[in-house]
Amino acid sequence: MSDAIKIRNLAWRAGRDFAIRDLAMTVPTGAIYGFLGPNGSGKTTTIRLMLGMQQASDGSIEVLGHSVPRQAHKALARIGYVPERLHLYQGLTVEESVRYHRAFFPTFDATEAERLRKRFGLREDALVAKLSKGEAGKLMMLLALSQRAELLVLDEPTDGLDPVIRREVLSALVEYVDGAKATVFISSHLVHEQERICDWIGVMDGGRLIAELPMQEFRSGIKRLRVHKAPVSRDATPFALLSRETPTQHLEEWVVRGWQPEMQEWFARVGAEVRDVQDLDLEESFVELLRGSRVATTTETR
Amino acid sequence: MFRQILFTQFRWTRTLLLLMAVFTFVVPTLSWNLGGNVFAAGLAPIAVMNGFSTVGPMLVLGAWTLGFLLVALPWGADSQSRHVYALSLPIPWSQYVAMRFGAGAITLLVPTLALWLGSWLVVAMIDMPPTLRAYPGLLALRFFLGTLLAYALSFLLQYLAGRRAAVVLLVLLVAVFGLGMGLSLANQHELLVRITLWFIDWPGPFSVFASEWRLIDV
């Protein structure tokens with residue numbers, strides 16, 4: 001199966017404070033790829049680079065087989081994009097916005113747009129400028145879904161929406177993906193939302209992709225271990241040690257990635273004992289992953 | 001596609017276009033009023049000729065204002081979202097810019113037609129002597145070309161310089177003023193005149209604005 005998005009060695013810099021360094025990312029065709037990361041981690045910039053809205057200083061981007069930015073317009077014809085902020089023209093009505101959008105996308109399905117408009121409860125004659133945040137979010141999603149796109153790129157599509165509207169928007173998205181077998185690239189910092197719908201996860205922090213793996217692996221691979229008589233050295237562990245804390249004198253808490261039950265033997269070899277293995281939920285896993293990555297970065301830079 | 005771009009262009013600038021259409025329609029009548037006592041002079045072509053020495057510069061000013069605003073308003077609508085919408089459309093940026101330019105240029109026809117209509121009405125009411133001739137079509141064409149030039153320059157500046165357009169314009173004005181001052185101080189008056197004439201004499205780029213804009217001439 002080919003990849004819907006393939007990014008290699010991507011580099012981009014904004015002044016002295018922020019840079020995307022050596023970014024490599026692969027989004028398999030048909031996947032629902034959750035792009036996680038704290039605010040300011042570079043998610044939106046990566047999306048803009050991916051869509052040819054900004055120019056990378058190095059690296060290559062291929063979206064739906066088109067090289068970006070050179071063939072960005074060809075890729076964009078097959079992409080439904082929902083940016084993090086309202087990008088539509090404020091002076092147009094809902095109906096005019098649909099008509100405007102439709103003119104540019106040959107695959108746009110006007111019947112589907114009308115069905116979604118009714119489902120989302122958007123008035124045809126409502127001015128975009130007068131729409132609430134939730135309504136604006138629904139309109140952007142309506143336009144993206146009505147394009148019958150092969151790839152949906154959604155940048156924080158439910159950020160700031162109330163739970164009812166968020167559920168409505170997400171269920172429309174899931175329905176579409178089920179029917180059209182489209183690839184979805186969804187950026188968010190709402191971890192639980194990603195957990196419900198995604199089958200791949202990429203985690204971004206400080207302009208770097210610190211993890212990219214199937215959701216199942218992400219969910220089950222990060223554990224909290226209670227270790228008795230833990231070794232001082234952290235070298236040569238068969239797993240990635242994300243963090244270690246000492247809540248009591250003889251017991252340490254380790255958060256590890258890539259854990260397998262047979263790895264208990266390693267502890268026995270170094271004279272330690274694993275007393276308890278706890279599953280972390282996605283949010284905890286995400287936080288621990290970020291913590292581990294930041295500790296590693298700090299150690300590297302020293 | 002272009003129809004929709006044209007639609008948005010008209011949507012954003014319709015108030016401006018309406019005001020300019022009223023202005024250009026009224027200007028020929030105004031010239032007649034300004035050129036003498038309309039009640040005493042009756043429908044005298046001389047009143048229109050005199051009046052145009054006042055309203056001609058108003059038309060020039062109107063052309064520049066219209067040209068500038070016809071770029072600024074759509075640019076403002078696009079830059080509200082930092083051009084994200086325009087950049088996410090599946091057409092090359094150059095094509096989008098060309099269509100925006102074309103749409104704006106087409107809307108210039110609205111005040112141009114109003115000027116032609118206003119001029120034609122005034123001319124229709126004048127008893128024209130055989131020595132004079134009225135040029136409502138040429139006046140409208142001149143207005144169109146002048147507005148188009150102002151629009152094109154504003155468009156070029158805005159789309160090349162982006163958010164720095166105001167700064168670039170200021171730098172350009174300072175450079176032109178500085179050049180003029182420098183040549184004057186260096187007693188290079190002849191060179192200064194030659195450069196100025198190159199711009200405003202036919203076929204110079206600003207020749208459309210040079211000399212008086214007249215509705216009636218010999």
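What follows draws every value from the coordinates through simple rules; no lab data is involved. Remember, predicted model here, so these are calculated numbers, not experimental data. All Cβ positions, even for glycine, are placed from backbone atoms using ideal geometry, and neighbour counts span all protein chains on display.
A:Lys130 to B:Ile91: FRET efficiency via 1/(1 + (r/R0)^6), r the Cβ-Cβ distance, R0 22 Å, to the nearest 0.05? For R0 = 22 Å, the calculated efficiency reads 0.15. Quick one: which of A:Lys118/A:Lys181; A:Lys138/A:Lys223; A:Lys43/A:Lys74 span more than 32 angstrom between C-alpha atoms? The answer is A:Lys138/A:Lys223.
Filter the DSSP H helices in chain A by two things, a Kyte-Doolittle mean of at least -1.0 and an axial alpha-carbon span of 27 angstrom or more, and list the hits by number. Span-like helices here: A:282-301.
Springs between Cα atoms under 10 Å define the GNM used for chain B, and in it the highest mean-square fluctuation of B:Ala21, B:Ala134, B:Ala161 occurs at B:Ala161.
Treat the stretch B:87-218 as a sphere of radius equal to its Kirkwood radius over Cα pairs and apply Stokes-Einstein at 25 °C in a medium of 0.890 mPa s; give the translational diffusion coefficient in µm²/s, rounded to a whole number. The Stokes-Einstein estimate is 135 µm²/s. Note on chain A: GNM, Cα springs under 10 Å; of A:Arg269, A:Arg16, A:Arg117, the largest mean-square fluctuation is that of A:Arg16.
Summed over qualifying helices (DSSP H, 4 residues or more, each -39500 (n - 2.57)) and divided by its residue number, chain B shows a 222 nm mean residue ellipticity of -26000 deg cm²/dmol. Under a model in which nothing but the beta-carbon of Lys, Arg (+1) and Asp, Glu (-1) is charged, the stretch A:104-186 shows a dipole of about 200 debye around its Cα centre.
Within 10 Å of each Cβ of B:79-85, how many other protein chain Cβ atoms are there on average?
6
Taking max minus min of the alpha-carbon positions on each principal axis, the stretch B:9-114 gives extents of 63, 20, 19 Å, largest first.
Modelled this way, with points 7 Å down the Cα-to-C-beta line, the labels at A:Arg70 and A:Asn39 are 3.9 nm from one another. Mind telling me which of B:Leu108, B:Leu121, B:Leu179 comes out most flexible in a GNM of chain B, alpha-carbon contacts under 10 Å? It is B:Leu179.
With both labels modelled 7 Å from their Cα along Cα-to-Cβ, the B:Trp198 to A:Glu112 distance reads 5.8 nm. Taking the Cα centre of the stretch B:108-212 as origin and assigning +1 to Lys and Arg Cβ atoms and -1 to Asp and Glu Cβ atoms, the resulting dipole is close to 340 debye. Loop-located trypsin sites (Lys or Arg not before Pro) in the stretch A:127-183 (DSSP state other than H, G, I, E, B) with a sparse environment of at most 10 neighbouring Cβ atoms within 10 Å: A:Lys181. Give the relative contact order (percent, whole number) for chain B; include only Cα pairs under 8 Å separated by 6+ residues. It comes to 29 percent, rounded to a whole number.
For the protein assembly as shown, pairs of C-alpha atoms spaced more than 30 angstrom apart make up 63 percent of the total.
Here the stretch A:133-251 is assigned +1 on the Cβ of each Lys and Arg and -1 on the Cβ of each Asp and Glu. Its dipole about the Cα centre then comes out at about 620 debye. Each label point was placed 7 Å from the Cα along the Cα-to-Cβ direction; for B:Leu169 and B:Ile46 their separation is 4.2 nm.
For the stretch A:136-227, what proportion of DSSP beta bridges, expressed in % and rounded to the nearest 5, is antiparallel?
Numbers: 6 of 11 bridges.
Bridges in the stretch A:136-227 that DSSP calls antiparallel: roughly 55 percent.
Just from its helices, what would the mean residue ellipticity at 222 nm be for chain A, if runs of 4 or more DSSP H residues each count -39500 (n - 2.57) and the sum is divided by every residue, rounded to the nearest 500 deg cm²/dmol? Kindly include the intermediate steps, with their values, before the conclusion.
Values: 10 runs with 107 residues, N = 302.
One gets -10500 deg cm²/dmol as the mean residue ellipticity at 222 nm.
Rounded to the nearest 0.05, what FRET efficiency do B:Asn33 and B:Phe177 have when you use their Cβ-Cβ distance and R0 = 35 Å? Plugging the Cβ-Cβ distance into 1/(1 + (r/R0)^6) gives 0.45.
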